[in-house]
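The next block holds one structure in the form of structure tokens; read it before the comments.
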Amino acid sequence: MKKAIVTLIAGLFATAAFAQTPAAPAATPAVPAKVEAAHTKAVVKADAKEAQAVVKADAKEAKAVVAAKTEVASAKTEATATKTKAHHKAKHTKAKADAKLASATAEAAPAAAK
């Protein structure tokens, strides 16, 4: 029971940490505002999806702990796999958004030089 309470409290702290809106980076004048907004939106969306998947995995693990002690090992393994998958997806989405921003910046740089 103590483990379940600790897990739930940890989940609340994790949720609170991911619920905060990250500070917007300073936009360079060469990058269009639309592209910058799309990049920020993609990064925030990836973070939110990762946080949601982590919270779901933690909740599933806590439920398994309460339901049956024998299933804890498999629930932890599954939760770890889910967290890893969510982290990988978020990392991929962020990389994609960064690449999109970089290409937009590269396209905007020659236009600004004229």
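The values are calculated or read from the model by the stated rules, or taken from the named source; none is laboratory data. Note that the coordinates shown come from a computational prediction; the quantities given were computed from them, not determined experimentally. All Cβ positions, even for glycine, are placed from backbone atoms using ideal geometry, and neighbour counts span all protein chains on display. Accessible surface areas use protein heavy atoms only, side chains included; no ligands, DNA or RNA. Shrake-Rupley method; radii C 1.70, N 1.55, O 1.52, S 1.80 Å.
Data overview
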{"item": "Candidates ALA99, ALA111 - the one that is at pLDDT 85 or above, exposed (fewer than 12 other Cβ atoms within 10 Å of the Cβ) and part of a helix (DSSP H, G or I)", "result": "ALA99"}
{"item": "Conditions (1) modelled with pLDDT under 90; (2) surrounded by 14 or more Cβ atoms within 10 Å (Cβ to Cβ); (3) over 22 Å from ALA4 (Cα atoms); number of the one not met by LYS94", "result": "(1)"}
{"item": "Residue list for the range 60-75, restricted to those being at pLDDT below 85, open to solvent by 70 Å² or more (accessible area, probe 1.4 Å) and either within 20 Å of the chain's Cα centre (by Cα) or under 13 Å from GLY11 (Cβ atoms) (or both)", "result": "LYS63"}
{"item": "Residue selected from the range 44-59 under the condition open to solvent by 30 Å² or more (accessible area, probe 1.4 Å) and of a type outside the set (A, V, I, L, M, F, W, C), by the criterion farthest from the chain's Cα centre (by Cα)", "result": "LYS56"}
